[in-house]
Every structure is written in structure tokens, then in C-alpha cells.
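Scroll down for the structure; my scribbles are underneath it.
Taken together, the values in this text are just the output of simple stated rules run on the coordinates, not laboratory data. Values in this document were obtained by computation on a predicted structure and should not be read as measured data. Neighbour counts run over all protein chains shown; Cβ positions are idealised from the backbone, glycine included.
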């Protein structure tokens, strides 16, 4: 006897295996379709839907005349609730647009690892908070793109629910240090970027990331023993690193220790010690910010680190092109995976160029303080050289961002939004430099608004507004 399937209707029609996950099965999420729900034991007992019975019923309906047909037509079809459909759409939206795979140049992660979907599937079976948090992020994004206050409000309600779930989970000794807990903290931080009103990460954002770091620290080296755990570590490292580097903050001690461990291991990532250079650069920017100027010791350390950085870049050329990757092919690319991989390549190139801007900014800050005390023709020439180098590095980044945004905006795949997200970081970096210019601030305003319009990313407008506030101090924009 053939065993009847409890699966949803789309899976039964397609004859695919349904994993019965909630709120939607994996097949429906992957195919971006509405999951109709699953059959229970009662349905299996009292609804005989075998092909022979269905065919016999169709014959009877045809012979029964118009009355039977009319009765069947008047029975309303069962539809999932509006809330369930929106919740499903929110998860599909977030996974389809924002979910970023962790990609390494070699090893098991070379093909890309989808850590988030793996954790969501596990949490759906155990009732964990990750799926609910992905849903909240999706609702917030949909609310931003459609201007729906109701969706954003619903997202905030789910966000509060997840905070309660996470608090309860952290009290469970078996779940406190799980992949679910760390991933929830990462998604809570991502949610803050979707609803934030300031280009500088707010208190809750950093609190959530530092919470994930604390869990990582308590978990120890076991985090590195699986592809899933290693992928979560790489995601957290990148999120912490880019914000600490942009804002001039030291990396948390736990991240520093994991970087050292990763550099010794050097199995899956290409040149993990490259990120230790970034760790040192974060410390130098933190020192510059804390003192309000570049100390002689800081300048000397920056010089040595810059030489080490450029030497490392020469060895990275097989993974990160020294020349700007051409984006013309992206305009008409219809494969989301191909698009995403190109974005990763372009963002790696952009990251290297932005790092050169940071070095140039420290050197120019030192030059102005040192050579401005008792200027001579020699010191003025040295200061002019540093200023020109700073302008040159900034111009490479500006040209790159403008070039990529023009091509990324023409792409129609779901992953195109990552192109806009990756180009937000250079704008934020320009707002944090010690040396600013009116032209660069005007450029940030222009590009920020373009990112907001072309990619429906609210943070683009927030960056533009922050640049406009700085322009007011130059007298370029009148105060209200």
C-alpha cells in the first residue's frame, strides 16, 4: 500500500519530498512560492486523494450535471491567512535578498556556505528564535521599500519577541552557546541597520555584536570545528571589523584571539594574517581618535604597518585584483549566484582601496600637525605630497563606487541589493576621516541618495543626511 504524504500541496503536485518545516517547507522557500500547509492524520484518514479516486470523482462530477458543479464552485478554497502569507514572504524576501554566503578561496567553503538557512532549518525544528528574527528583518526591509509603517511596526513587535526568546535560551545550558544564539545576535544587529536613523552604529547594534563575541569567547575553539561554526565566525568577524575600522575602534579581545588562532590554522581562508593587519590598523585609528592627533609613535607604527599591508596585497593578487574588476557583464546577468560572486570580488577590491585611504588619512593628519609648526619649503612640499596622495586614494574609491553603482543598479537579480550594501561602507568611511572636503561630502550626498533610490536601502538616505549636516559647517547648506 502506498503511504500517503503529509506534505504541502505544491510538493505533492511536483512529487518532491516535503520536509514539513514551519512556517514553510524548504522547497517552497527555495522556489519563492506560498506553502499551503500540511495534512494532518485526519486528512489522511478521511481524504482519499489517490489517482484512481480522483479520476472516479471527476467522472461522477461530470455525470452529475450542473448542480454538483455549482456546489463545488461555491465551496471557498482554503487559503493561508494574510498574516501567514506576509510572514512567509518576509522570510523569503530576507533570504533571497540579504542572505550572504560565506566564501573562502580554498577548502570546504570555496563554493560558498549558506550558514543562515542551515541555522533557520535547525531552529524551526527546535522552536529557536533565528527564523523569527529573519522574519523581523524581512518585514523591516519590506516596510522600508514599500513605505509601510504597519510592516515596520510588526517587525519591531517580532524583534521584541525574539529578545525574550533569546533571553530564555541563554539560560538553557544546552542552548546558550549554540549556533542559534550567536546567529540570533548577528541578526539582531542586522535589524538595527534596517531601522536605524544614524549612520554611526547605535548602542543596540554594537551590544548585539559584542554579545555574539562574548558567546563566541565562551564557546572556545569548538567554534572552528565545523563548517557552520567557522562560517558564523567569519560573518561575525567581518561585521565587527568593518565598523571598528570605519569608526576608529579597537577590535574586541576575543576577536583578536580568534584572528591569531585562524592565522595559525590557515586552512580555509586565504592569508588570515591579512586580517591581523586590519586589527592593528583599528588600534592605530583608535589611538588617533583618542588623542585628537597622530603621535610620533603612532606615525612610526603606521609606516611599518603600511609596508606590511602593501607587501601582503602583492601576495593577494591571485584573489583580489589590483586592477578594478570590470562590471559591464553584470548589467544583463540573470544568474543570482554569478552576480553575488562578482559583488564579493568587487567589494574585496574596494576594501583594499578604502584601507589605503585610511593609511593616507593618518599620514596627512601627521604631516599637517608636524610640518605646520614651523613650515619651510621642504616641509610644505612634504605636506603637499601627502595631501595629493590622500586625494589620489580618495578619488580611486569615488570613481570605483560611482562606476559600480551605475552597473549594479542595472542588474535585475535578487542578490543585486548586496551591490548597494557593499558600496555603503566607503560612504561611511569618508564621513569618519580626519580630512574632509566639500566636494567629497557632496559626492556622498549624491551617491547615498542613489543607493536609497536604486536599491531601496534606507541607510543610503541616512548617509546623505549625515553628509549634508557636515556641509552645513562649511556653509554650503543653510541651517533650517
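Applying 1/(1 + (r/R0)^6) with R0 = 30 Å to the Cβ-Cβ distance of residue 6 and residue 227, what FRET efficiency is obtained, to the nearest 0.05? My answer for the efficiency is 0.45.
For residue 207 and residue 403, a Förster radius of 51 Å and the Cβ-Cβ distance give a FRET efficiency of 0.90, rounded to the nearest 0.05. Please label the shape of the stretch 148-286 as rounded, prolate or oblate, based on the square roots a ≥ b ≥ c of the eigenvalues of the alpha-carbon gyration tensor (a/c under 1.5 means rounded; beyond that, a/b larger than b/c means prolate, else oblate). Taking the square roots of the gyration eigenvalues as a ≥ b ≥ c, the stretch 148-286 is oblate.
Under the classification rounded if a/c is under 1.5, otherwise prolate if a/b is larger than b/c and oblate if not, where does the stretch 298-480 fall, given a ≥ b ≥ c as square roots of the Cα gyration tensor eigenvalues?
Note, shape of the stretch 298-480 comes out oblate.
Extension gain, residue 311 to residue 382, is 23.2 nm, computed as 0.36 nm per intervening residue step minus the present C-alpha separation.
Of the peptides 362-369, 124-131, 416-423, 287-294, the order by per-residue mean of other Cβ atoms within 10 Å, starting with the highest, comes out as 416-423, 362-369, 124-131, 287-294. Subtracting the Cα-Cα distance of residue 334 and residue 13 from their residue separation scaled by 0.36 nm leaves 112.8 nm.
The order of the peptides 405-413, 379-387 by mean Cβ neighbours within 10 Å, most packed first, is 405-413, 379-387. Between residue 197 and residue 446, the FRET efficiency estimated from the beta carbon spacing at R0 = 30 angstrom works out to 0.90.
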